[in-house]
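To keep things clear, I will list the structure first and then write my remarks on it.
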Amino acid sequence: MRVIEPEIDEQFINSGWTNTIAVLMIVLGIIAITFPFFATVASILVFGWVFIFAGIAQIVYAFQSRGAGQVVWKLILGFLYILAGILVVANPLEGVLAFTLVLGITIFVQGIIQVSIAFQMRRISPNWAWMLVSGIIGIIFGIFVWSNFPFSAAWLIGILIGTNLLFDGVWMLTLHSGQRRALH
């Protein structure tokens, strides 16, 4: 078992980088919540570029791993990634629509599965109701996305990303300030 020295922890916790990143995340979160359409389009463009780079990596892998399976299928997968990425980057608004629809369907189906599992867990776990509540919220959220589609596509993803960035930045600031107090 390794013991961490308090000086090392204190140096990490007092790092200005942690606070800087936390504040930056809070600012970006507020900007994304204030301008959700732009945040939505920006995130879809990043997603498209990730697919393009993943496709290139898949093609490189296909040529380097000839003995590990059929190269043709790996190449097809790589080209599909690249094609999907190009389509999203070339048509970000259509990508936003498609991603929002897939997000709504996924959350709805996940909610149904969670509700089903929650009822199975009620005899085993005393906290099964939390899973049930989470599943019901997922079903409601999925229906909300569907019922407001395509209008929700313009702001939904940006609001979700902004909220996530905001809360991540807040917990980073509060966690490290709490750790500083605990060390002293």
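Tabulated results
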quantity	calculated
Whole-Hz ³J(HN,Hα) from phi, Karplus 6.51 cos²θ - 1.76 cosθ + 1.60, for region 16-23, glycine and proline x	x, 5, 4, 5, 4, 5, 4, 5
HN-Hα J in Hz across region 142-157 - Karplus 6.51, -1.76, 1.60, θ = phi - 60°, x for Gly and Pro	x, 5, 4, 4, 5, 5, 9, 6, x, 5, 5, 4, 5, 10, 4, 5
Cα-based convex hull volume of region 83-184 per residue, rounded to whole Å³	159
Fraction in percent of alpha-carbon pairs per bin - 5 Å, region 20-99	3, 16, 17, 14, 13, 12, 10, 6, 5, 2, 0
In order through region 97-110: 3J(HN,Hα) via Karplus (6.51 cos²θ - 1.76 cosθ + 1.60), integer Hz, x for Gly, Pro	4, 5, 5, 5, 5, 4, 4, x, 5, 4, 5, 4, 5, 4
Segment LEU93-PHE53, extension gain: residue separation times 0.36 nm, minus the distance between their alpha carbons	12.4 nm
Kirkwood-Stokes translational diffusion coefficient of region 16-176, alpha-carbon pairs, 25 °C, 0.890 mPa s, µm²/s	134
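Taken together, the values in this text are just the output of simple stated rules run on the coordinates, not laboratory data. From a predicted model like this one, the values you see are computed outputs, not experimental measurements.
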